[in-house]
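Scroll down for the structure; my scribbles are underneath it.
The values are calculated or read from the model by the stated rules, or taken from the named source; none is laboratory data. Since this is a predicted model, take the numbers as computed values, not measurements. Every residue, glycine as well, gets a Cβ built from its backbone with ideal geometry; the counts of neighbours run over all protein chains shown.
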Amino acid sequence: MSGDSRFLGLFYLSPYIIGLLIFTAVPFVASLYLSFTNYNLMDEPVFTGLANYVKLFTNDRTFRKSLWVTLVYVFTTVPLKLAFALFMAVILNYKLKFINVFRTAYYVPSILGGSIAIAVLWRYIFADVGLVNMGLNLLGFESVNWFGDPTNALFTITLLRLWQFGSAMVIFLAALQSIDKTLYEAASIDGAGKWTSFIYITLPLITPVIFFNLIMQMVQAFQEFNGPYIITQGGPLKSTYLLPIYIYDEAFKRFDMGYASAIAWVLFVIIMALTLIAFWSSRHWVYYAGDKRS
Amino acid sequence: MTEHVLSHDPSTVGEVAGIRAREQRRHKASIALRYFLLAAVGLLMLYPLIWLIGASFKTNSEIFANPGFWPENPTLDGYIKGWQTSTPYSFGTFFLNTLWIVIPKVIGTAISCTAVAYGFARFDFPFKKVLFASLIATLLLPNVVTRIPQYLLFRDLGWLDSFLPLWVPSAFAGDAFFVFMLVQFLRAIPRDMEEAARVDGATTWQTLIFIVVPLLMPALISVCLFQFMWTMNDFLGPLIYISSVDKYPVSLALKLSIDTTEAFEWNRVLAMSVLALTPALAVFFLAQKYFIDGISSGGIKG
């Protein structure tokens, strides 16, 4: 195209560029600055150097608890959810009637899952005399104290996320369906069983999608807020007090904006570090068909 | 049973038939197992929602006593009293507020993301690579890190307790995921028609509106539906920015209702939860093709 298109492109991008500066870039830098200050919304921010970070890592039991809970939550929820989503996608990836009905049914919780109404429902069905315990009793099991007990509460929140495996499953299913069927035929002629084919053909070919789902689910899980905030308010004994709730409380309940920004930055650095590790390691385990051929 | 007998036949013909029969049986067993698993998981997944609908018509004493769907003494009490709420406003106000947040946000998203995606997919310009990299970076950037300064910015602009903080960032293509989705879609569309239009003297603006937008429609509908759904479900945004009850969207009103009435009026909360989920469910069932296509192709291919 002609020379004027150089500026036309930027013209079409202008909303993005303005928004990026005002709503992302400047706030990003500002939050790093705030994390080195003491700022209560009333007075001007006072620069305090590393004081917030020193307090976080040496003198804040709540932070240590919250960080631990967050890591446990992410490292249980993400692998369980991905494994279950992949398992169900493999089962669905077969010439079955009603496949679309099942796919839709599994996808519904993903659509609704973020809603407060679902968090409210979770509170009811996992209550002491709620639906889940009624079901367990009918089957002859003892009732479980789903979120009164600190050892179970986090798992009850995890179940809410697992229930929403549908969106990851739909992505896996699309990848499975795009695999060339002749590969399996060739493998079976060479005597490969179902399981061998899965390990050596299916898994390598869907690694890009596993990678995508892994990153997306991880970034999302680290920012979980609605579920624990509505269902358990972070309790009991802070056993579901995930970092985003801690940040919210510090910022918007105690109005300690500087300290909240410091926690947010610790969370950010953790997410970034894990994302970078995933990207860096992806060369060793993610297989891109296009790359190898060229 | 005949298959079983055949498989033990010592003759060669019988052996071949036996292998075939065994394979067929295994195939049938595999299908049966798949159906069983699919149905069991499906039921387990959807039963909480089914139960919710039934429970919203139950009396309070029945909710924690009856695991079944069907109410013993069906009542509309939950809906009638729940709708009125314990505030001076009814859920009618809260639904209108939600709508008033969602519609401008969806329109702003659709327009800005289309323009930006067109810019990325069809033009060369300085810093294009850097800007596209920034788009990917924003996609992965956790909102938690920009939330506090954004709040301070909106406070200084005098926008607190209004819908502006919820609308404006989206009108500046703030949802990188949607831009990315549309760019991927546009890259897969051949440019012939656009080039023909340009040769015939159409401006890029006219080309965008009359040629690109119609071709982009399926992806654009997906974008609008996802934004509709996410905004309907959004809780943290309104929680931070909206403080007057008369401006509450449904999500905040539900949180308010569990704080005030939960101790004894369960069926009201459940009835309002059903209503809160209804628009999202209705839209999903009317347009599920766009959701599934959107998530399985636009988001990741390319």
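Residues in the range B:267-280 that are more than 8 Å from chain A (Cβ to nearest Cβ) and surrounded by fewer than 23 Cβ atoms within 10 Å (Cβ to Cβ): B:Leu275, B:Thr278, B:Pro279.
In the range A:166-182, the residue that is surrounded by the most Cβ atoms within 10 Å (Cβ to Cβ) out of those that are hydroxyl-bearing (Ser, Thr, Tyr) and in a helix (DSSP H, G or I) is A:Ser167.
Among residues of the range B:119-167 being assigned to a helix (DSSP H, G or I), among the β-branched types (Val, Ile, Thr) and without any contact (Cβ under 8 Å) to a residue 12 or more places away in the chain, the one that is farthest from B:Val212 (Cα to Cα) is B:Ile148.
Pairs linking a residue in the range A:250-270 that is more than 7 Å from every other protein chain (Cβ to nearest Cβ) to a residue that is among the aliphatic types (A, V, I, L, M) and assigned to a helix (DSSP H, G or I), with Cβ atoms under 7 Å and 6 or more positions apart or on different chains, are A:Glu250/A:Ala260; A:Glu250/A:Ile263; A:Gly258/A:Leu34; A:Ala262/A:Leu56; A:Ile263/A:Leu56; A:Ile263/A:Leu243; A:Ile263/A:Ile247; A:Val266/A:Leu56.
Filtering B:Phe264, B:Phe228 for residues that are outside any loop (DSSP other than H, G, I, E, B), aromatic (Phe, Trp, Tyr) and more than 8 Å from chain A (Cβ to nearest Cβ) leaves a single hit, B:Phe228. From the list A:Val219, A:Val209, which one is over 13 Å from the mean Cα position of the chain (by Cα) and over 17 Å from B:Phe235 (Cβ atoms)? Only one candidate passes the filter, namely A:Val209. Just for the range A:106-123: of the residues that are buried (at least 24 other Cβ atoms within 10 Å of the Cβ) and of a type in the set (Phe, Trp, Tyr), which one is nearest to A:Tyr229 (Cα to Cα)? Out of the qualifying residues, it is A:Trp122.
Screening the range A:14-54 for residues that are in contact with a Ser or Thr (Cβ under 8 Å, 6 or more places away or on another chain), assigned to a loop (DSSP other than H, G, I, E, B) and away from chain B (no Cβ under 13 Å) and picking the one that is farthest from A:Arg64 (Cα to Cα) gives A:Thr48. Quick check: anything in the range B:33-41 at pLDDT 80 or above, assigned to a helix (DSSP H, G or I), out of contact with any Asp or Glu (no Cβ under 7 Å at 6 or more places or on another chain) and among the hydroxyl-bearing types (Ser, Thr, Tyr)? Yes, some residue in the range B:33-41 is at pLDDT 80 or above, assigned to a helix (DSSP H, G or I), out of contact with any Asp or Glu (no Cβ under 7 Å at 6 or more places or on another chain) and among the hydroxyl-bearing types (Ser, Thr, Tyr). I want to confirm something. Restricting to the range B:212-225 and keeping residues that are surrounded by 20 or more Cβ atoms within 10 Å (Cβ to Cβ) and in contact with an Asp or Glu (Cβ under 9 Å, 6 or more places away or on another chain), which single residue is farthest from B:Ala280 (Cα to Cα)? Among them, the one singled out is B:Val212. The residue that is modelled with the highest pLDDT, among those in the range A:260-294 that are over 24 Å from the mean Cα position of the chain (by Cα) and assigned to a helix (DSSP H, G or I), is A:Ala289. Would you check if there is a residue in the range A:152-165 being over 16 Å from A:Ile231 (Cα atoms) and in a helix (DSSP H, G or I)? No, there is no match, as no residue in the range A:152-165 is over 16 Å from A:Ile231 (Cα atoms) and in a helix (DSSP H, G or I). Going by what's in this entry, would A:Leu10 be described as more than 8 Å from chain B (Cβ to nearest Cβ), surrounded by 13 or more Cβ atoms within 10 Å (Cβ to Cβ) and within 30 Å of B:Gly119 (Cβ to Cβ)? Against the criterion (more than 8 Å from chain B (Cβ to nearest Cβ), surrounded by 13 or more Cβ atoms within 10 Å (Cβ to Cβ) and within 30 Å of B:Gly119 (Cβ to Cβ)), A:Leu10 does not qualify. Residue pairs whose Cβ atoms lie under 8 Å apart, separated by 6 or more positions or on different chains, with the first residue in the range A:155-173 and within 13 Å of A:Phe126 (Cα to Cα) and the second surrounded by fewer than 22 Cβ atoms within 10 Å (Cβ to Cβ), are A:Phe155/A:Thr76; A:Thr158/A:Thr76; A:Thr158/A:Leu80; A:Leu160/A:Gly113.
The condition of being on the phi < 0 side of the Ramachandran plot, touching a Cys at 6+ places or on another chain (Cβ under 8 Å) and at pLDDT 90 or above holds for only one of B:Phe154, B:Phe178, B:Phe172, B:Phe163, that being B:Phe178. For residues that are among the hydrophobic types (A, V, I, L, M, F, W, C) and either touching a residue at least 24 places away in the same chain (Cβ under 8 Å) or more than 17 Å from B:Ile50 (Cβ to Cβ) (or both), tally how many sit in the range A:124-149. Adding up the residues that qualify gives 9. When B:Ser162, B:Ser222 are checked against the criterion of being in contact with a helix residue (DSSP H, G or I) (Cβ under 7 Å, 6 or more places away or on another chain), among the hydroxyl-bearing types (Ser, Thr, Tyr), more than 9 Å from every other protein chain (Cβ to nearest Cβ) and within 22 Å of B:Ile107 (Cβ to Cβ), B:Ser222 stands alone in meeting it. Inclusion of A:Gln217 among residues that are in contact (Cβ under 8 Å) with a residue 24 or more places away in the chain and loosely packed, with under 14 Cβ neighbours inside 10 Å is not warranted. Note on the range A:92-131: residues that are of a type in the set (Phe, Trp, Tyr) and farther than 27 Å from A:Leu154 by Cβ amount to 3. Taken together, B:Leu131, B:Leu160 contain a single residue that is buried (at least 16 other Cβ atoms within 10 Å of the Cβ) and either in the same structural domain as B:Met181 (by TED's automatic domain parsing) or under 30 Å from A:Glu250 (Cβ atoms) (or both), which is B:Leu131. For the range B:68-91, does any single residue satisfy the condition of being closer than 26 Å to A:Ala105 by Cα, at the interface with another protein chain (Cβ under 10 Å from one of its Cβ atoms) and not aromatic (Phe, Trp, Tyr)? There is at least one residue in the range B:68-91 that is closer than 26 Å to A:Ala105 by Cα, at the interface with another protein chain (Cβ under 10 Å from one of its Cβ atoms) and not aromatic (Phe, Trp, Tyr).
Confirm whether A:Ile201 is touching an Asp or Glu at 6+ places or on another chain (Cβ under 8 Å) and either among the polar types (S, T, N, Q) or crowded, with 16+ Cβ neighbours inside 10 Å (or both). Against the criterion (touching an Asp or Glu at 6+ places or on another chain (Cβ under 8 Å) and either among the polar types (S, T, N, Q) or crowded, with 16+ Cβ neighbours inside 10 Å (or both)), A:Ile201 does not qualify. In the range B:201-211, the count of residues that are facing another protein chain (nearest Cβ under 7 Å) and either at pLDDT 95 or above or part of a helix (DSSP H, G or I) (or both) is one or more. Suppose we keep only residues that are away from chain B (no Cβ under 14 Å) and in a helix (DSSP H, G or I) within the range A:116-151. Which one would you say is nearest to B:Phe235 (Cα to Cα)? Ranking the qualifying residues of the range A:116-151, first place goes to A:Pro150.
Scanning the range A:243-252 turns up no residue that is buried (at least 21 other Cβ atoms within 10 Å of the Cβ), assigned to a loop (DSSP other than H, G, I, E, B), β-branched (Val, Ile, Thr) and within 18 Å of the chain's Cα centre (by Cα).
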